[in-house]
1. Consider segment 259-274. How many of its residues are under 23 Å from S296 (Cα atoms) and open to solvent by less than 30 Å² (accessible area, probe 1.4 Å)?
2. Quick one: count up the residues across segment 275-295 that are open to solvent by less than 50 Å² (accessible area, probe 1.4 Å) and among the polar types (S, T, N, Q).
3. Pick from segment 30-52 the residues that are open to solvent by less than 20 Å² (accessible area, probe 1.4 Å) and not in a helix (DSSP H, G or I): which of them is nearest to V170 (Cα to Cα)?
4. Consider segment 99-125. How many of its residues are in a loop (DSSP other than H, G, I, E, B) and buried (at least 20 other Cβ atoms within 10 Å of the Cβ)?
5. Suppose we keep only residues that are among the hydroxyl-bearing types (S, T, Y) and outside any strand (DSSP E or B) within segment 265-311. Which one would you say is modelled with the highest pLDDT?
6. Sort through V55, V72 and tell me the only one that's within 13 Å of the chain's Cα centre (by Cα), modelled with pLDDT of 95 or more and either among the hydroxyl-bearing types (S, T, Y) or open to solvent by less than 60 Å² (accessible area, probe 1.4 Å) (or both).
7. In segment 141-160, is there at least one residue being touching a residue at least 40 places away in the same chain (Cβ under 8 Å), more than 24 Å from G210 (Cβ to Cβ), in a strand (DSSP E or B) and small (G, A, S)?
8. Pairs, please: C-beta under 6 Å, at least 6 apart or cross-chain, first residue among the polar types (S, T, N, Q) and in segment 205-226, second at pLDDT 95 or above and in a loop (DSSP other than H, G, I, E, B)?
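The values are calculated or read from the model by the stated rules, or taken from the named source; none is laboratory data. Please read these numbers as outputs of a predicted model, since none were measured by experiment. Cβ placement follows ideal geometry from the backbone for every residue including glycine, while neighbour counts extend to all protein chains displayed. With ligands, DNA and RNA removed, areas are computed over all heavy atoms of the protein, side chains included. Shrake-Rupley method; radii C 1.70, N 1.55, O 1.52, S 1.80 Å.
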Amino acid sequence: MQQNVALFFLLLSFISSGCATGGRGQIAPASAARAVVLMTDFGLKDGAVSAMKGVAFQAAPAVLVSDLTHDVPPYDIWTGAYRLNQTYAFWPKGTVFVAVVDPGVGSERKSIALETASGHIFVGPDNGLFSLVADSAGVSHVVAIDEAKQRIKGSEESYTFHGRDLYAYVGARLAGGYTELSGLGAPLGREIERIPYQKAERRGHLINGGIPVLDPNYGNVWTNIPKLLMKASGLSPRYRIVIREKEREVFRGELPLVETFAAVPKGKPLLYFNSLMNLAVALNQGDFAKAHRVGSGPLWSIEIEPVGKSQ
């Protein structure tokens with residue numbers, strides 16, 4: 001019996017020491033292991049995402065690897081930027097996001113690692129993909145990844161799959177505690193490429209905002225106007241809204257602000273606060289975006305003005 005107990009603790013000690021061993025024969029501090037969250041426009045029809053996970057596992061076996069989405073529309077940097085901003089705050093400080101929407105792969109665009117003031121880390125191309133998280137969370141510091149040195153061994157002559165060869169490798173090593181941002185390359189201060197867009201702002205009674213994305217299942221129009229901004233001067237039961245694509249007016253109307261879709265008859269328009277507590281426009285059991293030919297992205301904006309007494 002005593003021999004069995006001794007063998008059990010010997011095996012447990014061996015397993016524990018093995019789990020602490022990371023990529024390239026180094027020992028990672030157990031407390032340093034964090035999560036890597038992957039986001040790409042690769043889809044799941046081939047082995048690209050699995051290859052990235054394999055690289056991450058080799059580089060840091062103890063790190064949790066999770067998926068944000070791999071269904072960003074091909075080359076759609078803006079949608080990728082939105083999905084990162086939609087998600088990052090629900091992950092703990094220290095999480096590393098590896099984001100790859102990279103139509104300029106292999107070009108002169110920089111590869112960067114960015115730490116936000118919230119303590120989250122983002123790895124990927126410097127092409128505007130981190131615009132929204134930078135505005136939302138603030139930028140602490142940025143480094144340019146040395147693409148010649150910071151890559152998985154054997155990938156030196158590969159130029160079109162930085163998601164696998166550089167970003168998954170770097171992200172996993174950061175999350176596993178094998179390297180720090182300062183060891184990846186030259187510091188860039190706080191400067192990154194940004195996509196211009198309409199931010200949420202108040203001007204007297206008017207509030208202007210952008211339309212970053214549409215609800216893909218129901219055609220609801222999601223804005224970046226937070227409930228807190230609207231509550232600052234009191235919520236109104238109704239609002240006049242104008243939706244534009246650049247300077248072209250697409251929709252104008254007066255809509256009620258309600259808590260549930262059922263508060264208006266079927267097929268009628270409404271305003272509500274979505275799961276991110278941002279203002280959204282919808283049709284009860286209908287597709288507002290399709291009905292009024294509304295799109296989304298940095299060229300789309302919305303203007304709202306209260307009607308009636310504030311609550």
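1. Adding up the residues that qualify gives 4.
2. Applying the first criterion (open to solvent by less than 50 Å² (accessible area, probe 1.4 Å)) to segment 275-295 yields 278-284, 286, 288-289, 294-295.
With among the polar types (S, T, N, Q) added as a condition, the list becomes 278, 284.
Residues flagged as open to solvent by less than 50 Å² (accessible area, probe 1.4 Å) and among the polar types (S, T, N, Q) within segment 275-295 amount to 2.
3. Only one residue fits best here, namely V36.
4. Here is the first cut: in segment 99-125, the residues in a loop (DSSP other than H, G, I, E, B) are 101-110, 117-120.
Remaining after also requiring buried (at least 20 other Cβ atoms within 10 Å of the Cβ): 101-102, 120.
Of the residues in segment 99-125, 3 are in a loop (DSSP other than H, G, I, E, B) and buried (at least 20 other Cβ atoms within 10 Å of the Cβ).
5. Kept after step one, since they are among the hydroxyl-bearing types (S, T, Y), are these residues of segment 265-311: 272, 275, 296, 301, 310.
Keeping just the survivors that are outside any strand (DSSP E or B) gives 275, 296, 310.
Working: S275: 91, S296: 96, S310: 58.
By that ranking, first place goes to S296.
6. Working: V55 fails: within 13 Å of the chain's Cα centre (by Cα).
Of V55, V72, the one residue that is within 13 Å of the chain's Cα centre (by Cα), modelled with pLDDT of 95 or more and either among the hydroxyl-bearing types (S, T, Y) or open to solvent by less than 60 Å² (accessible area, probe 1.4 Å) (or both) is V72.
7. Checked against the condition, which is being touching a residue at least 40 places away in the same chain (Cβ under 8 Å), more than 24 Å from G210 (Cβ to Cβ), in a strand (DSSP E or B) and small (G, A, S), segment 141-160 yields at least one hit.
8. N224/A200; N224/P212
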